[in-house]
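Just below is one structure, and these are the notes that go with it.
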Amino acid sequence: MQANRGLADGVALFLGMQSMNMLDMVHNLPEFCVQRDQERCIRCLVCVQQCPYECTYYDTERDAVWNQEANCVACRRCEAMCPTKCITIAPRSAFRPNYHWQPHLIRTGHKQGDTGGVVLTGCGNDKDYMCYFDRMVIDASQVTNPSIDPLREPMELRTFIGSKPEGYDLKPGIARTNGEYGPTPPNIQCEMPILFAPMSFGAISYNFQKGLALAARAMGTFFNTGEGGLHPDFYPFKDNAIVQVASGRFGVSADYLKAAAAVEIKIGQGAKPGIGGHLPGEKVTREISRTRMIPQGADAISPAPQHDIYSIEDLRLLIYAIKEATNYTKPVSVKIAAVHNVSAIASGIVRAGADIVVIDGFRGGTGAAPAIIRDHVGIPIEVAIAQVDQRLRDEGIRHRASIIAAGGIRNSADVVKAVALGADAVYVGTAAMVAVGCTVCQQCHRGKCAWGITSNRADLLPRLPADVAFERLSNLLRGWSHEIKEMLGLMGINSIESLRGNRLKLRGVGLSEQELNVLGIQQAGI
Amino acid sequence: MKRVYPIESRCIGCRLCEVACVVAHSRTLDAINSFRLEGLVFNNERAKGFVDPAEASRAGRPRMTARCQVSPSQPYRISIRCRHCDDPECVLACKNGALYKDEEGRVLLDEAKCAGCWMCIMACPSGSIQRNIHRANVPGVENNGINHHCDLCADLGSDTPACVRVCPVAALVFEDRDEAADEMKSPQQQQEAVRAH
């Protein structure tokens, strides 16, 4: 069949036609249609230059711009750059409607028949699981309790992340932790309950990570290096960096641990719970190989488990090894994917000594993951936050760690709902990418991002300059902060701390009694 | 004197500067009209690199280049245009006196005087002069186009040239630089200055 394939390709090339190839069903049945209004097209060829997927080309004979539609991924870069707005991207012809065999399933089947491989993808779970954020509504003050006007009265978004003492003695600076007196545990100070999610240099571009770092510094929050190490150029941003120690230990060194504001042990990722990180070799450029300390062009596949952590006791050893290495000056975070029994796992993590528990829901994004895992493994972040918060409260250890919710936070209302369910703060990844132009075309794993967000290829990198990323990310945080303040004000609350775990401020709409119980909220109307 | 400077590290090679240039110098100031109705269309040879110019004319429509050119050779991208040199070789080479340096320092063209001899093209050290095949000044002689180079959007009613305004990643800047001082610097220093920018 390989020979057959070669022949078919050769004939297609020779005749300049697109022949049916039984080993290329994906290209026989393109997913998208690029409609170009030829009356408006001025043949400036901007779209041809901008398309990194070899979809758009110029035909000199007809003097027309044309498309190899099978290659279109609907990133809409051509549409955005077109000076006459003559391009429309639309879904192409439908398969015969079938509720059980949805188009994406047929397409995946074709793709696997073509290649026999594991189908990779980027971004978060895009399947139609119910979103609990969309089934929760926020309370507001009316008559019996006054709302607060955030434009005229102070409103506090500052969040301290880390372990809190059980209490304070009368002597200043002496805190009681685990029944013993000592200095206050280290906390990181965040001007808003929003941090940038772990996205490694490699998964994202140099410029985008620099933009994250600049925005984090300017807005008083934090960016997270992901598991890809910290590029030497980003050490000046160390006070706003959370560094990750993942199973691959990419780029981990003593300097790396000492540089950061906090250290995060990555156990799992919401997009692919139970498996390690993937950075396809195509994306491992010289700079990335330097930062990760791996060969150029080699796949960076981190192991599924941390091979020195097979139990809570092992985790405790690593947490305290890092605390010793950093002289107990930095909070240590443990990031897990939201899975069944997450509350018991989180309880173990807190008892192991973690100062921060990060829970990453199944909508969380990724630079590359098998689609089958992204779409079918893990649980929604909303129920995970509620369950973890409740369990830690019941056990009387909630103060010993902050909870950061990650995976699927889309707007400021999601932030407010996550905090009301019990999170201290949230990580935003995809939302930050969208702010700088991402259209969620899910091609991050290919290293060809047309918007320059997830590619380090020399010709694509300048499409997102660091200063533009910085400005747009700062705008996002500024906008969300204003919105969160407004929402706090209308609830009659003047500090984000008063909202944390305040589930009375939420009501469920269209949820079953069991779901309401799991979320710990009441039915709307009560 | 203010000049347009490209920043190579920022350029994404999209060529919107070329589109903006053609539109800004068109009669209708509309992208679709200026390209489709006024006949001011790119030379389509550029799509495939260098192809027989006759092929372009076979395509039916007379085509015209923008006054700036984005280098088509990947991965190097840069938008090039007339430098408006302090001692312009083209002005010296112009036998008709069509090219002149105005009081602000811009190198401009008196279209009525240009005979289309292309000595300016031969003389230009930066290769930033094209042929404007839409203008003929010598009746009866087969015309291959008169001088066509960046005029910094002189007399087009805006302080900033169109290409600088349209660039989506701010890879073009319009500013007054001390070029004499720049030339004194070593190439390494110059590169650092560009990077710092």
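We did not get these values from a lab; they are worked out from the coordinates using the rules stated. Source: prediction; values computed, not measured. Note that each Cβ is placed from the backbone with ideal geometry, even for glycine, and that neighbours are counted across all protein chains shown.
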| task | Determine the alpha carbon to alpha carbon distance for each of A:Lys335/A:Lys485; A:Lys164/A:Lys323; A:Lys238/A:Lys330; A:Lys485/A:Lys505; A:Lys266/A:Lys330 and list only those over 19 Å. | result | A:Lys335/A:Lys485
| note | Note: the protein assembly as shown at 20 °C, 1.002 mPa s; Kirkwood Rh on alpha carbon pairs; Stokes-Einstein D in µm²/s works out to 74
| remark: Exposed-loop cut sites defined as chymotrypsin sites (Phe, Trp or Tyr not before Pro) in DSSP loop states with at most 10 other Cβ within 10 angstrom; longest site-free run of chain A spans A:311-526
| Within straight-line cross-link reach of B:Lys113, lysines at Cα separation under 20 Å, skipping those fewer than 8 residues along the same chain | B:Lys95, B:Lys101
| query | Over segment A:20-117, what lengths in whole Å, largest first, do the semi-axes of the equivalent ellipsoid take, defined as the square roots of 5 times the eigenvalues of the alpha-carbon gyration tensor? | reply | 28, 15, 11
| task | Please check chain A for the longest run free of trypsin sites (Lys or Arg not before Pro) that are loop-located per DSSP (anything but H, G, I, E, B) and have at most 10 other Cβ atoms within 10 Å. | result | A:153-526
| message | Given the -39500 (n - 2.57) contribution per DSSP H run of 4+ residues, what per-residue ellipticity at 222 nm results for chain A, rounded to the nearest 500 deg cm²/dmol? | response | -9000 deg cm²/dmol
| query | Taking a label point 7 Å from the Cα of A:Ala298 along the Cα→Cβ vector, which residues of segment A:253-282 have an amide N closer than 16 Å to it? | reply | A:277-282
| note | The residues A:His100, A:His376, B:His148, sorted from fewest to most surrounding Cβ atoms within 10 Å, come out as A:His100, A:His376, B:His148
| said: If you restrict to DSSP beta bridges whose two residues both lie in the protein assembly as shown, what percentage is antiparallel, to the nearest 5? | reply: 55
| remark: Once the in-chain neighbours fewer than 8 apart are removed, the lysines whose Cα is under 18 Å from A:Lys448 read A:Lys283
| Förster-model FRET efficiency, 41 Å R0, B:Ile80 and A:Phe160, C-beta, rounded to 0.05 | 0.15
